[in-house]
Structure formats: C-alpha cells, structure tokens
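Heads up, the thing below is written out as structure tokens.
What follows draws every value from the coordinates through simple rules; no lab data is involved. Just so you know, these numbers come straight off a predicted model, no measurement behind them. Backbone-built Cβ (ideal geometry, glycine too); neighbour counts: all protein chains shown.
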Amino acid sequence: MFGGEDAVKLLRLIKPFVHHPLRRLRVELILVYHDGRISREEFKRLYNMTKYKRGRPDIKRNNALEALARTAPQTHTHGDKQPIKRN
C-alpha cells in the first residue's frame, strides 16, 4: 500500500506543479503538519476550511461571480432611454 513517507516524498516532488489554489494549500498543510510545525488540532481546523461542502456554494467560483456581479456596470437600471448614436 502507498502511504507514509512515500506519500510525503511524492507531495514534496509534485508541490511545485500544483497550481490549483486549494489543492496547493492542502499540500502545504499536510507537509507542515508532517514536519511537526503545527499541531493535529490546528491541522484539522485549517484543513477543514479548505473543504467544499456538498450543496453549498463553490468557495472559489461563486464568491468571484458575486463580486463580479456587484462591480459590473448596471446597464438595465437606466429605464427605457434610447442609446446615444455616435458617429
């Protein structure tokens, strides 16, 4: 079975190639915990923050969409005015 020190070695090797922010954070957390720099309780607390909850909004996408929707120009709020013709 694959695990233990072999898994940690593999994580250290692939860490530079993990580009997804949450996956990279998980890799970092696992390595920091393995190195003994944080406690098990702290690891659990931080790792649980990176989990997606089934049926809940996507951490990354939905928050970004909401922020974009708030900052996007609201073209529909100007009533029935005709657009200005520009030559």
Where Lys and Arg each count +1 and Asp and Glu each count -1, what net charge lies around Val32 among other residues with Cβ under 14 Å from its Cβ?
+4
Once the other residues with Cβ under 12 Å from the Cβ of Phe17 are scored (Lys, Arg +1; Asp, Glu -1), what is the net sum?
+4
Placing +1 at every Lys and Arg Cβ and -1 at every Asp and Glu Cβ, with all other atoms neutral, what dipole size does the stretch 1-54 have around its Cα centre, in debye to the nearest 20?
340 debye
